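The values are calculated or read from the model by the stated rules, or taken from the named source; none is laboratory data. As the structure is a computational prediction, the values presented were derived from the model and not from experiment. We place every Cβ from the backbone using ideal geometry, glycine too, and count neighbours over all the protein chains shown. Keep in mind that these areas ignore ligands, DNA and RNA; they rest on the heavy atoms of the full protein, side chains included. Shrake-Rupley method; radii C 1.70, N 1.55, O 1.52, S 1.80 Å.
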Amino acid sequence: MTMKKLFLLDAMALIYRAYYAMARSPRITSKGLNTSAIFGFTNTLYDVIKNEKPTHLGISFDTGAPTLRHAEFEAYKAHRESTPEDIIQAIPYIYEILHAFNIPIITKDGYEADDVIGTLAKKAEQEGFQVYMMTSDKDYGQLVSENIFIYKPGKFGQPAEVVGVKEVCEKYSIAEPEELIDILGLWGDASDNIPGVPNIGEVKAKKLIG
C-alpha cells in the first residue's frame, strides 16, 4: 500500500523567497512586469511535484483580514514593511498557475496560512498521511512529529532539507518539539514584533526549558 504523502505549502513564504532570490537579477517582461516571484515559485512547485511525487497537495495564503492575534495584541507585525508592489502584482498570476495545476487553495479569514497548515497537518496525520509542511518558518518546528516534517526548499542548487523530530530537538536542545512553544514564548519573535521576557534570548530560553 502506497503511503499517502501530503505537501502543504505556505504560499507567501515561498513567494517572498522566490522574489528576493532574484532581487539582483529580476525577470522583467517587455511590458515591465516583474515575474521573479512567479518564475521562482512555479519552479519550486514543479520541482516538488517532479521529485517528491506527493499523492496530495494543498496551499494556503494569508487573507489580509485581521487575525485573532491582532485582536489580542495590537502591535502584532505592526513594524513590518508593506508588501512590495511587484509581489502584489504577481499574486493573481500565481493563483492562475495553481488553478491550472488543480491545486486547492485553502484560506480562512481571521487565521494565517501557518494556522491553516498546522491544523490540516495534524488532521491529516490522524488520517494516515505523511505530511510535509513546505516553509522555512521556524515556528512550524512545534508541529513536527513522527509523521509531520518541515520541508525546506534547497538554495543555490542545494538539495531540499527535511526536518523531523530529531533535527528540531537537537537544534533547540529540547526533548519534544512541543517545547519549542515555551522557548519562543520566552524568547519572543522580532519578525512578528512579539516581545519576549526581558533579557532572555534564544540561548537562555533553551537553558531554562532544558
### Message
What's the number of the only condition in (1) assigned to a loop (DSSP other than H, G, I, E, B); (2) surrounded by 18 or more Cβ atoms within 10 Å (Cβ to Cβ); (3) hydrophobic (A, V, I, L, M, F, W, C) that Ala175 fails to meet?
### Response
(2)
### Task
Give the residues of the range 135-157 that are in a loop (DSSP other than H, G, I, E, B) and touching a helix residue (DSSP H, G or I) at 6+ places or on another chain (Cβ under 8 Å), sorted by residue number.
Thr135, Ser136, Asp137, Val144, Ser145, Glu146, Asn147, Pro153, Lys155
### Query
Do we find that Glu176 is touching a Lys or Arg at 6+ places or on another chain (Cβ under 6 Å) and of a type in the set (D, E, K, R) in this structure?
no
### Message
Go through the range 27-46 and report how many residues are open to solvent by less than 70 Å² (accessible area, probe 1.4 Å) and either touching a Gly at 6+ places or on another chain (Cβ under 9 Å) or in contact (Cβ under 8 Å) with a residue 40 or more places away in the chain (or both).
### Response
10
### Message
So, in the range 181-197, exactly how many residues are open to solvent by less than 40 Å² (accessible area, probe 1.4 Å) and either among the aromatic types (Phe, Trp, Tyr) or in contact (Cβ under 8 Å) with a residue 40 or more places away in the chain (or both)?
### Response
3
